[in-house]
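K.L.:
Sharing a structure, written as structure tokens. Questions coming.
The values are calculated or read from the model by the stated rules, or taken from the named source; none is laboratory data. These figures come from a predicted structure and were not determined experimentally. Cβ: placed from backbone, ideal geometry, glycine included. Neighbour counts: every protein chain shown. Heavy atoms of the whole protein, side chains included, go into the accessibility calculation; ligands, DNA and RNA do not. Shrake-Rupley method; radii C 1.70, N 1.55, O 1.52, S 1.80 Å.
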Amino acid sequence: MVSDKQLKNKCEDRYYYKDGALYNKEDFNKSNAKKDHKAGTVNNRGYLIITIGGKRYQAHRLIFLFHHGYLPKIIDHINQNKLDNRIENLRVASTKLNRINSKLNSNSTTGRTGVHWHEKSQMYYAKISNDGKVEYLGSFDNIIDAVIARMKAEEEYWHDVK
């Protein structure tokens, strides 16, 4: 297992940081990496990945390491853009903050996190997850009431996080 310090040294030997990206310091024939070109490729989850010593790392984690000298468990993209790896867009986060700041699920039918349409009952259901527990907020005849319930719950549970 490579320590944070060792990984930082490897990164600094191989890359330099500029405007939210790591760039190759020299040509690397084995990987077709060219000097002064951006390092990494985007994976199927939308993160930029950089391989060092045969191990794959998310670029935002390496950039955070470059600037702060350590790797926290969770690093959050403040603006939710997984490819915006500018250091000012990265922050240490708790699991709770990272979850709160996540994008809307792509299969959402209502366009609102924590609110969904229940076909069988013909009602909108609202829920919220807090500290790993899902709390049912109620069923509603219209989406506005469901969204309001969700927003009130967010304020109650997460007022100290954002």
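K.L.:
So for Val92, Val134, what's the accessible-area order with a 1.4 Å probe, most first?
P.N.:
Descending accessible area places them as Val134, Val92.
K.L.:
Expressed in nm to one decimal, what extension gain is obtained for the pair Asn107 and Gln122 from 0.36 nm per residue of sequence separation less their Cα-Cα distance?
P.N.:
Length gained, Asn107 through Gln122: 3.6 nm.
K.L.:
What is the distance in Å between the Cα centroid of the range 1-77 and that of the range 96-162?
P.N.:
Spelled out, the Cα-based centre of one part sits 36 Å from the other.
K.L.:
Something else about it: Rounded to a whole number, what is D in µm²/s for the range 94-162 from Stokes-Einstein with the Kirkwood radius over alpha-carbon pairs (20 °C, 1.002 mPa s)? Present the calculation step by step, with values, prior to reporting the outcome.
P.N.:
Values: Rh = 12.5 Å.
The Stokes-Einstein estimate is 172 µm²/s.
K.L.:
Sticking with this one: Rounded to the nearest 10 degrees, what's the angle between the helix 143-158 long axis and the longest principal axis of the chain, both from Cα atoms, 0 to 90?
P.N.:
That works out to roughly 60 degrees.
K.L.:
In a Gaussian network model over the chain where Cα atoms closer than 10 Å are linked, find which of Gly111, Gly40, Gly53 has the largest mean-square fluctuation.
P.N.:
Gly53
K.L.:
How much accessible area per residue does the range 62-134 have, counting only protein heavy atoms and a probe of 1.4 Å, in square angstrom?
P.N.:
61 Å²
K.L.:
The range 1-78: which chymotrypsin sites (Phe, Trp or Tyr not before Pro) are DSSP loop and have at most 14 other beta-carbon atoms within 10 angstrom?
P.N.:
Tyr70
K.L.:
Select from Arg14, Arg61, Arg112 the residue whose mean-square fluctuation is largest in a Gaussian network model of the chain (Cα-Cα springs shorter than 10 Å).
P.N.:
Comparing Arg14, Arg61, Arg112 in the GNM, the peak value goes to Arg112.
K.L.:
Which entry in (1) 144; (2) 107; (3) 186 is this structure's computed volume of the Cα convex hull per residue in Å³?
P.N.:
(1)
K.L.:
Continuing with this model, one more query. Of all GluC sites (Glu not before Pro) in the range 44-138, which ones are in loop regions per DSSP and have a Cβ with at most 13 other Cβ atoms within 10 Å?
P.N.:
Hits after loop and neighbour filter: Glu119.
K.L.:
Tally up the carbon and sulfur contribution to the accessible surface of the range 106-162 as a whole percent, 1.4 Å probe, everything protein left in place.
P.N.:
C and S atoms contribute 50 percent here.
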